[in-house]
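What follows is one structure encoded as structure tokens, with my remarks underneath.
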Amino acid sequence: MARPQADESAPFYHKYIALAAGNSVSEIVNTYAFDVQEFYNSLPENKADYAYADGKWTVKEVLQHLTDAERIFAYRALRISRGDKTPLHSFEENDYVENGFAEERSLSSLKQEFNSVRAATDIFLLGLNKEQISRTGTASNNTISVNALAYIIYGHLLHHRNILRERYGI
């Protein structure tokens, strides 16, 4: 299956899709899975509670956000890939961060959860056939394909990796 077309997701997600270079779901998984996991597993303990400005998320909150968002995107992909036509609601990322209580957890426990979710997502994505990957559904009142969701998952991880490098000095 080729890269997602513009009509396979809302314009908001195009920036994430653009970050994930590759021409198939299996290619992006094989290209990025190890590097992404290695980067997030290397997040330093001494920066765990660091935020680059007032009102910005800490490193632990970023990692919790990535885990939560990936679960939601993968859940959407699961529902749509299995032919479920029920429209799926949006989610408010700031509410999830506020109610995730990452500050009460150790960085190592957040990494462990992240790694578990990442592994499950990759196994799920690699198990999809072409028909499932091409299916579309509705999320946040917009058409979205399973193909686009796979690229969004990886693009979102790459987006936050870039922010952590540029603004957090990691």
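Looking across region 62-88, the residues that are touching a residue at least 40 places away in the same chain (Cβ under 8 Å) and either within 11 Å of the chain's Cα centre (by Cα) or over 28 Å from K130 (Cβ atoms) (or both) come down to V62, L63, Q64, H65, L66, T67, A69, E70, R71, F73, A74. Beta carbons closer than 9 Å, at least 6 apart along the sequence or on distinct chains, pair a first residue in region 145-169 that is on the phi > 0 side of the Ramachandran plot with a second that is of a type in the set (S, T, Y) for G169/Y50; G169/Y52. Scanning region 40-70 for residues that are crowded, with 16+ Cβ neighbours inside 10 Å and either within 14 Å of G100 (Cα to Cα) or not aromatic (F, W, Y) (or both) yields a count of 18.
When restricted to residues that are among the hydroxyl-bearing types (S, T, Y) and assigned to a helix (DSSP H, G or I), region 54-71 contains 1. Of all residues in region 4-37, those satisfying the criterion of being touching a helix residue (DSSP H, G or I) at 6+ places or on another chain (Cβ under 8 Å), closer than 11 Å to A148 by Cα and either in contact (Cβ under 8 Å) with a residue 24 or more places away in the chain or among the charged types (D, E, K, R) (or both) are P4, E8, S9, Y13, Y16, I17, A18, A20, V25.
Just one of F114, F73, F101 is modelled with pLDDT of 95 or more, in contact with a Ser or Thr (Cβ under 6 Å, 6 or more places away or on another chain) and closer than 28 Å to K47 by Cα; which is it? After ruling out the rest, the residue left standing is F114. Looking across A51, A2, A33, A18, one residue alone is in a loop (DSSP other than H, G, I, E, B) and at pLDDT 95 or above. It is A51.
Checking each residue of region 50-69 against the condition of being in contact with a Ser or Thr (Cβ under 7 Å, 6 or more places away or on another chain) and over 22 Å from G137 (Cα atoms) gives at least one match.
Could you tell me whether region 96-118 includes any residue that is within 20 Å of P11 (Cα to Cα), of a type outside the set (F, W, Y) and more than 13 Å from the chain's Cα centre (by Cα)? The answer is no, given that none of the residues of region 96-118 is within 20 Å of P11 (Cα to Cα), of a type outside the set (F, W, Y) and more than 13 Å from the chain's Cα centre (by Cα).
The values are calculated or read from the model by the stated rules, or taken from the named source; none is laboratory data. Just so you know, these numbers come straight off a predicted model, no measurement behind them. For neighbour counting, all protein chains shown are included, and Cβ atoms are generated from backbone atoms with ideal geometry for every residue, glycine included.
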